[in-house]
Structures are given as structure tokens and as C-alpha cells.
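See structure below.
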Amino acid sequence: MTRDGSCDLEAGLKRLHLPTIRRMCGPVFEQAEKEGWTYREVLERLVAEEIANRAETRIKRSTRKAKFPFLKTIEEFDFEFQRSVRRQMLGRFLGPELVEEGRMLVLLGEPGRGKTHLAIAIAYKAIQGGYDARFTTAAQLLNELHVAAREGETAAALAEFVSPDVLVIDELGYLAYGPDAANSLFHVVDQRYLKRRPIIITSNKEPDAWGAVLHDADLADAIVDRLQENGDVIRLKGKSYRRRKAEVPAPV
Ligand code: ADP
Ligand code: MG
């Protein structure tokens, strides 16, 4: 601040961490002068630019942190092809209620039916809504917890899966897991359940077969109970999207 009360705008905006206003004020002042904006309009425009830019940066950062294997949105999901799920049925998972009410979702189906796509799309909507998300496969999650236990770092590893607002556990049931699988998965599910934090699980196996996959029928039951108390199971049927082209009849 100088003695007459004015300040170096560039330096001041830098100090206040307003990089977008700093970048945009030149062009905005120019446009404002040409078009005769009021002071209020100028300020509103600059503040709006800063807010929009921050939101975009946050979404990018959260998306990176979520570790999605690929990014697909709900808008990219073809509900005409996958007719066993209606857009309407997903409504309650695509709004703030997902996190606010700690909804659980189990997506079941054979490969290529769109389970992972939908799980990612739902988590991404939550990110757009201001929350954070984490994607993992069941195998990765169990492996990480297994390694952490060996190194005495269970608490930190658990926190990684318990603290995000939304957790996706993909592909439960594809592999034969180790003997501590049921216990580890139960801890993650139970802690999230107690904190009312949503989980989205995809699987190619019906929940009543998870006992065999996890080598523990009682713990698998306890997991399924917690998922179902405030959640839905959606079964994706029909044909594999990956093979849709092969199934289009050849023109005659
Ligand atoms: P799953 O997890 O059930 O094996 P994915 O969600 O990985 O299947 O889907 C396989 C591929 O097909 C992905 O690239 C996904 O985006 C796409 N896909 C699947 N179903 C649809 C659909 N109904 N509309 C658009 N793309 C789809
Ligand atoms: Mg998948």
C-alpha cells in the first residue's frame, strides 16, 4: 500500500491469491471502458471469472485424485443400448443425496454391461457437485490393506478408503482373494457405513455368492447387510457394449 492509499494491483492480487482476476483484469477493464460498464459490473465479472476458474481447477484436481481408470460421464451412457437401467433410477445417485444420505449402490452384471462406466459417471457427478471420490478395484484395495497390515500401517491405508466422500470398489468377485479379504473389506465397508459415506460396488457375482469369493460367509453377509440398508442393487443385463458392433446384422 502506498501513502495515498492506492496499491500495486498486480502485487496485491498476487498476495490475495486471485490469479484469474490478475490475468483477466486488463482485458475486462478494456471491454468495460468500451461498453460503459458500471464499477459493480466490472467487479462482478472479475469475481465470477475467479470463481469459475477455481471450480474448474478443483474438479480437475479431484478427478486426478480419484484415480479413475478412464473418465466416462452419465451423458455418454447410452440408455437405449442398456435398457435394464433407466436414467430415472439413477437420479438419486447423481445428486447431492448420494453423499448427504450416504447411499450405497451395487451394480451387477456380466462384463461389458457398463458397470464401471456407471460407477465412474456417478463418482464424477459427485466431484462436479463439490465432493471428492476415490476409485479402486477390489483387488487393489485388498492388496493395499494387506501390504499395509504387514507394515503396521493399517490405519493410514484404511483412511485412504474411508475418508473420500464417495468410494468406488470395482470388480469384486473376479479374483480369488487372500484369507484376510473378508475382514479387510468388512472394515472399509463398516467404517464408511458408520459414517454414512456412500460406496459403489460393481461385481459379476450376485451378493449371495460373495461369501465364497471372500472365503467367509458371515462377514460377506455383514457386508451385504450394510450395503443394502440404505442402498440399491441394479442388475445390468443385455449384451456386452464392447461387442455391440459384431451384433449388428450385416446389411443385405
Ligand atoms: P463392465 O464394467 O460392466 O465390464 P464397462 O463399464 O467397462 O463394462 O464398459 C465397457 C466399455 O463399454 C466402456 O468403454 C464403456 O464406456 C462402454 N459402455 C458400456 N455400456 C455402455 C452404454 N450403455 N453406453 C455407452 N457406453 C457403454
Ligand atoms: Mg468393469
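The values are calculated or read from the model by the stated rules, or taken from the named source; none is laboratory data. The structure displayed is predicted, hence computed values, not measured ones. Methodologically, a virtual Cβ is constructed for each residue, glycine included, from the backbone with ideal geometry; neighbour enumeration extends over all protein chains shown.
Any residue at all in segment 122-134 that is in a helix (DSSP H, G or I), within 11 Å of the chain's Cα centre (by Cα), of a type in the set (Val, Ile, Thr) and more than 8 Å from ligand 1 (Cβ to nearest atom)? Within segment 122-134, one or more residues are in a helix (DSSP H, G or I), within 11 Å of the chain's Cα centre (by Cα), of a type in the set (Val, Ile, Thr) and more than 8 Å from ligand 1 (Cβ to nearest atom). Does any residue of segment 86-99 turn out to be part of a loop (DSSP other than H, G, I, E, B), in the same structural domain as LEU214 (by TED's automatic domain parsing) and at pLDDT below 95? Within segment 86-99 (the criterion being part of a loop (DSSP other than H, G, I, E, B), in the same structural domain as LEU214 (by TED's automatic domain parsing) and at pLDDT below 95), the answer is yes, since at least one residue qualifies. Taken over segment 169-206, the criterion of being over 20 Å from the mean Cα position of the chain (by Cα) and part of a helix (DSSP H, G or I) is satisfied by ALA181, ALA182, ASN183, SER184, PHE186, HIS187.
Taking segment 156-212 as the range and being surrounded by 22 or more Cβ atoms within 10 Å (Cβ to Cβ), away from ligand 1 (no atom under 16 Å from the Cβ) and of a type in the set (S, T, N, Q) as the test, only SER184 passes. Checking the stated criteria, GLU97 turns out not to satisfy the condition of being over 14 Å from ILE199 (Cβ atoms), within 12 Å of ligand 2 (Cβ to nearest atom) and of a type outside the set (Ser, Thr, Tyr).
One line per residue, one yes/no per condition, for (1) under 30 Å from SER240 (Cβ atoms); (2) in the same structural domain as VAL168 (by TED's automatic domain parsing); (3) touching a residue at least 40 places away in the same chain (Cβ under 8 Å); (4) surrounded by 12 or more Cβ atoms within 10 Å (Cβ to Cβ):
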{"site": "MET24", "(1), (2), (3), (4)": "no, no, no, yes"}
{"site": "ALA32", "(1), (2), (3), (4)": "no, no, no, yes"}
{"site": "GLY36", "(1), (2), (3), (4)": "no, no, no, no"}
{"site": "VAL42", "(1), (2), (3), (4)": "no, no, no, yes"}
{"site": "VAL47", "(1), (2), (3), (4)": "no, no, no, yes"}
{"site": "ILE51", "(1), (2), (3), (4)": "no, no, no, no"}
{"site": "THR57", "(1), (2), (3), (4)": "no, no, no, yes"}
{"site": "LYS72", "(1), (2), (3), (4)": "yes, yes, yes, yes"}
{"site": "GLU76", "(1), (2), (3), (4)": "yes, yes, yes, no"}
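Of the residues making up segment 61-80, one or more are of a type in the set (Gly, Ala, Ser), outside any loop (DSSP other than H, G, I, E, B) and under 27 Å from the mean Cα position of the chain (by Cα). Considering segment 235-252, the residues that are surrounded by fewer than 17 Cβ atoms within 10 Å (Cβ to Cβ) and not charged (D, E, K, R) include one that is modelled with the lowest pLDDT, namely ALA250. Pairing residues of segment 191-208 that are of a type in the set (Phe, Trp, Tyr) with residues that are not in a loop (DSSP other than H, G, I, E, B), at Cβ distances under 6 Å and at least 6 apart in sequence or on separate chains, gives TYR193/ARG226.
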